[in-house]
1. How compact and how long is region 258-349, expressed as Rg and Dmax of its alpha-carbon atoms in Å?
2. If we sort 274-286, 107-119 on the protection proxy, mean other Cβ atoms within 10 Å, highest first, what's the order?
3. If Rh is defined by the Kirkwood formula over all Cα pairs and Rg also comes from Cα, what ratio Rg/Rh do you get for region 2-95?
4. Please identify every one of the GluC sites (Glu not before Pro) in region 298-364 that sits in a loop by DSSP and has no more than 16 other beta carbons within 10 Å of its own beta carbon.
5. Take the chain, compute every pairwise Cα distance, and split them into 20 Å bins from 0; I just need the percent in each bin.
6. With +1 on each Lys and Arg Cβ and -1 on each Asp and Glu Cβ, and nothing else charged, work out how big the dipole of the chain is about its Cα centre, in Debye to the nearest 20.
7. Starting from the Cα gyration tensor of region 184-243, multiply each eigenvalue by 5, take the square root, and state the resulting semi-axes largest first in whole Å.
8. Suppose we take every Cα in region 188-310 and form the convex hull; what volume per residue is that in Å³?
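Bear in mind these aren't lab numbers, they're just calculated from the coordinates by the rules spelled out. Because the structure is predicted, anything quoted here is derived from the model rather than measured. Quick reminder, even Gly has a Cβ in these numbers, built from the backbone with ideal geometry, and neighbours come from all protein chains shown.
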Amino acid sequence: MNVLVIGSGGREHALVKILNRSRHTENLYAVPGNSSMTKYAEVYGDMKETDTEGIVRLAQEKNITWAVIGPEAPLNNGLADSLEDAGVKVFGPRKLEAQLESSKAFAKKIMIKYGIPTAAYQSFTNLADAAAYIKQQGAPIVIKKDGLAAGKGVAVAMTEHEALEAVKEMLAEGENHPVVIEEFLEGEEFSLMVLVNGNYILPFDIVAQDHKRAYDGDTGPNTGGMGAYAPVTHIGQAVIDEAVHQIVKPMAEAMTKEGLDYFGVMYLGAIITEDGVKVIEFNARFGDPEAQVLLSLLDSDFIDVLEAVKNKEPFDLQFSSDSMLGVILASKGYPKEYKKGEKVSIPAELEDIVFNSGLKYLEDGNYETSGGRVLLVTGRGKSLDEAKTEAYNNTAQIKFDNEALFYRNDIGERGV
């Protein structure tokens, strides 16, 4: 069968690699893709992921059976709806269901209505009201932009001043979305990916742990993710079961009761609190960089997985017993302003274990940066310690100007 992947980052690079491994895949295409995907797929780099009409036309021309949508923007634009209308099987929720991620207020309302454990919150469009609420609640407190922000629209404010500054920035002139202000939850976080079709769910057997803050020791601003590892062996099966049965399954059922028909990944960002597992956020697509790690460990044929979920059939997901860890190299200044066009060199022997998030290929293993998060360098081993050592040894071999990129040195520290 012919398969199409939508997106251009490291997550989509991982999707292309695992779909290329499927015995069912005859021809593989990527829009817009990136230069690292050309080894596996025909890449349409001049087409935008938001060009719904162009993508539908391409899908029809190439007789696409399955389209897998990686990023949140085309989901929010209704690409899944249009592809489905054209007779393509799509892995990724339709526009209405994608509100689970695109509107934090929408997700919160459902969680509160159906008693799904999450932080207390209020939603505001008025700065004076938001400021009054912050002063009433005190800090620490969490401020979230209600809309797509590529994982960066969250401020964990440790002081009232930080909270007020975050609210001012998110409610700046021209913004049309409210701001959600949440209770600060304390505990250990983890990421659980669950494949959902209506009230049918197929949870991943292992969880990953992401590192959202920019700098070592979980300091600095929130980012789209600075590294991840899996499995998280110190988080036991009982916690995963609680997350599935108390949160994900009720959310899938709640969406159905609301007249919605969710089909795709339901990504749960969860936290283990004194009162049990609670929701930090839901996303409507695979996490990045968690996807690169988790999909690399998935031994099952991914097309078989998609078909089972589409048909609501039982399926036994098979994962490697290995551990895997990935380190993000990001442009200096990320997640704020940063320069593009910085030169990066990747040794040929590392190209298969590096995931391209924001690199443009030049020649002979040389690239230039084209984004904030540039690449994920991975390591794999029988233990997390082995995987971490290999990942950082590999990271040390990536050549760039001293000031061009930065990375955290403590990815996986909690799990080792």
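1. 18.2, 51
2. Values: 274-286: 19.7, 107-119: 17.6.
Packing proxy ranking, top to bottom: 274-286, 107-119.
3. 0.92
4. Within region 298-364, the qualifying GluC sites (Glu not before Pro) (loop, at most 16 other Cβ atoms within 10 Å) are Glu337.
5. 27, 61, 12
6. For the chain, the charge dipole is close to 440 debye.
7. Semi-axes from the Cα gyration tensor: 25, 14, 11 Å.
8. 112 Å³
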